[in-house]
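Below you'll find the structure, written out as structure tokens, and then a few comments.
The values are calculated or read from the model by the stated rules, or taken from the named source; none is laboratory data. Treat the numbers as computed from the prediction; the structure is a model and nothing was measured. Note that each Cβ is placed from the backbone with ideal geometry, even for glycine, and that neighbours are counted across all protein chains shown.
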Amino acid sequence: MNILIIDDEKSIRFSLKVGIQKLEGVSVYTAESGEEGLEIIKSKKIDLAIIDIKLPGIDGIEVLETIHRLKIDMTVIMITYISEVRLAVKAMKLGAYDYFTKPFKIADVVDSINSLRDFINKKTSIIRYESNELIGTSASTEKIRNTIKIITDKNLNTSVLIMGESGTGKEIVAKSIAKNLGESRPFIALNCAAIPKSLQESELFGYEKGAFSEAQKRKIGLMEKANGGVLFLDEVGDMDISLQQKLLRVLQEKKFRRVGGLDEVPFDAMLISATNRDLKFEIKNESFREDLFYRLNVIPITLEPLRNRKEDIPDLLNHFLEFYKSKVESSIAGISDEAMKLLMEYDWYGNVRELKNTVERIMILSNNSMIEIEDLPHDVFIKRNHLKEQNFETAEKEVILNALKKHEFNITHTAKELNITRTTLRSKINKYNIRND
């Protein structure tokens, strides 16, 4: 993760750099002017820029406008004084993710960056499933594949809600539906967690010229662009509660108005939503509308976590091996039986995304012709050792219990047979909660 700090105050640049460098896996660049910052942005792949609004020469707003004009894909956080909040709002409308007002705590900025990691990784990573098709032969994967076929064969212009943990492949399911409907149709996506809630409405509905001070011309929203195709609302659980009501009305009436507009625009697209949240819990928490949930949940699709469909691991592994072979110029052609056994035992709490990242890392770092046990990440070995410990303890308890029963729970005779002291035997009995019932 490459982070750029643009601020003309040396003390702020230094303090932010020191604080941010404590995070693992980050590289920090600094610039004292907008011009210097833009040179770094053009020469490096920057994931996150922290920009002071007030800069000598090109100010922070102009830097942000240049980033926007050049269509450079990065996340931007602005730094401002309380008196300049109006400029910060303008920056948000230009695409800034957030802003901090001076004086701020370095720890707060570092915490914000840490929480942004998942979003930035999603935003900047290329989807590696080039075919946009589900991979795997497990019963749950086949069930989803059949559901997709029913939806697309009937050409249903309905609402689909995809639920599942982060990393299970919800976007792949959405893209698979869209592809099967017809590749000529538009597929328009909005990640509700990726933009501030204050900007979600204008992104979704668009706006008319003059709707607010920075609206210099009409902007067509994503709902309008999706007409005739698919609108995909990722992380829909993060949608602003007031916008949820407006979306509900659109689904009921099949039309909407741009922000600041009077004319009604038709909405004619399949709506696919996705979330890793428990929306029924969010409903009880009053952060998600129950009526909208039922509108979105016409056709529910639930993606099982990878740990519950481990039959898919070999197919997914081979897919990633094939994909990365040319990308990273690796000589790895397969995986040993021992290594595969460990991968099948591991629980993959990061789901398919974790498996994909693991394969990529191995193919970059390993010089082997096959994935071997020593190539696997440390977490896999922790799981293996835990399983061994569990198996050993289960066997030990059974041996002790059988010996105790044989000697009618006589401690002296049992300890002698097991060749351990009576103190050790009593300790084991307590550990395994063995009772003479």
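Key figures
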{"item": "Matching residues in the stretch 415-437 - criterion: being assigned to a loop (DSSP other than H, G, I, E, B) and among the charged types (D, E, K, R)", "result": "Arg435, Asp437"}
{"item": "Close pairs (7 angstrom Cβ cut-off, 6 or more residues apart or separate chains): small (Gly, Ala, Ser) in the stretch 190-215, part of a helix (DSSP H, G or I) anywhere", "result": "Ala193/Phe119; Ala193/Asp238; Ala194/Phe119; Ala194/Lys123; Ser198/Met92; Gly206/Glu224"}
{"item": "Candidate set: the stretch 331-348, residues that are modelled with pLDDT of 85 or more and hydroxyl-bearing (Ser, Thr, Tyr); chosen: the one nearest to Leu365 (Cα to Cα)", "result": "Ser336"}
{"item": "Within the stretch 165-192, considering residues that are of a type in the set (Gly, Ala, Ser) and crowded, with 19+ Cβ neighbours inside 10 Å, the one nearest to Leu233 (Cα to Cα)", "result": "Ala174"}
{"item": "Residues of the stretch 312-343 that turn out to be of a type outside the set (D, E, K, R), over 17 Å from Thr141 (Cα atoms) and not in a loop (DSSP other than H, G, I, E, B), as a count", "result": "11"}
{"item": "Positions within the stretch 365-398 being part of a helix (DSSP H, G or I), at pLDDT 75 or above and surrounded by 13 or more Cβ atoms within 10 Å (Cβ to Cβ), in sequence order", "result": "Ile373, Asp375, Glu396, Lys397"}
{"item": "Count of residues meeting criterion [in contact (Cβ under 8 Å) with a residue 24 or more places away in the chain and either acidic (Asp, Glu) or touching a Phe, Trp or Tyr at 6+ places or on another chain (Cβ under 7 Å) (or both)] in the stretch 287-307", "result": "4"}
{"item": "Pairs with Cβ under 9 Å, 6+ apart, first in the stretch 409-437 and assigned by TED's automatic domain parsing to the domain that holds Thr394, second at pLDDT below 90 and among the polar types (S, T, N, Q)", "result": "Phe409/Asn436; Ala415/Thr421; Ala415/Thr423; Ala415/Thr424; Leu418/Thr424"}
{"item": "Qualifying positions in the stretch 1-16 - among the aliphatic types (A, V, I, L, M) and not in a strand (DSSP E or B)", "result": "Met1, Ile12, Leu16"}
{"item": "Among residues of the stretch 399-408, those that are under 54 Å from the mean Cα position of the chain (by Cα) and either in contact (Cβ under 8 Å) with a residue 12 or more places away in the chain or assigned to a loop (DSSP other than H, G, I, E, B) (or both), counted", "result": "5"}
{"item": "Matching residues in the stretch 20-63 - criterion: being without any contact (Cβ under 8 Å) to a residue 12 or more places away in the chain and of a type in the set (Asp, Glu)", "result": "Glu24, Glu39"}
{"item": "Residues of the stretch 315-333 classified as closer than 26 Å to Glu304 by Cα and either exposed (fewer than 14 other Cβ atoms within 10 Å of the Cβ) or assigned by TED's automatic domain parsing to the domain that holds Ile172 (or both), total", "result": "1"}
{"item": "Residue within the stretch 350-362 that is modelled with pLDDT of 90 or more, loosely packed, with under 14 Cβ neighbours inside 10 Å and under 30 Å from Pro305 (Cα atoms) present", "result": "no"}
{"item": "Hits in the stretch 146-181 (condition: β-branched (Val, Ile, Thr) and assigned to a helix (DSSP H, G or I))", "result": "Thr147, Ile148, Ile150, Ile151, Thr152, Ile172, Val173, Ile177"}
{"item": "Residue in the stretch 227-234 that is in contact (Cβ under 8 Å) with a residue 24 or more places away in the chain and more than 27 Å from Thr168 (Cβ to Cβ) present", "result": "yes"}
{"item": "Residue match in the stretch 165-174 (condition: closer than 30 Å to Glu142 by Cβ, of a type in the set (Asp, Glu), in contact (Cβ under 8 Å) with a residue 12 or more places away in the chain and in the same structural domain as Lys280 (by TED's automatic domain parsing))", "result": "yes"}
{"item": "Those residues of the stretch 344-358 which are in contact (Cβ under 8 Å) with a residue 24 or more places away in the chain, at negative phi and assigned to a helix (DSSP H, G or I), in sequence order", "result": "Met344, Glu345, Val352, Arg353, Glu354, Leu355, Lys356"}
{"item": "Subset of the stretch 193-236 (residues that are under 29 Å from Thr152 (Cβ atoms), among the small types (Gly, Ala, Ser) and crowded, with 16+ Cβ neighbours inside 10 Å)", "result": "Ala193, Ala194, Gly206, Gly221, Ala226, Gly229"}
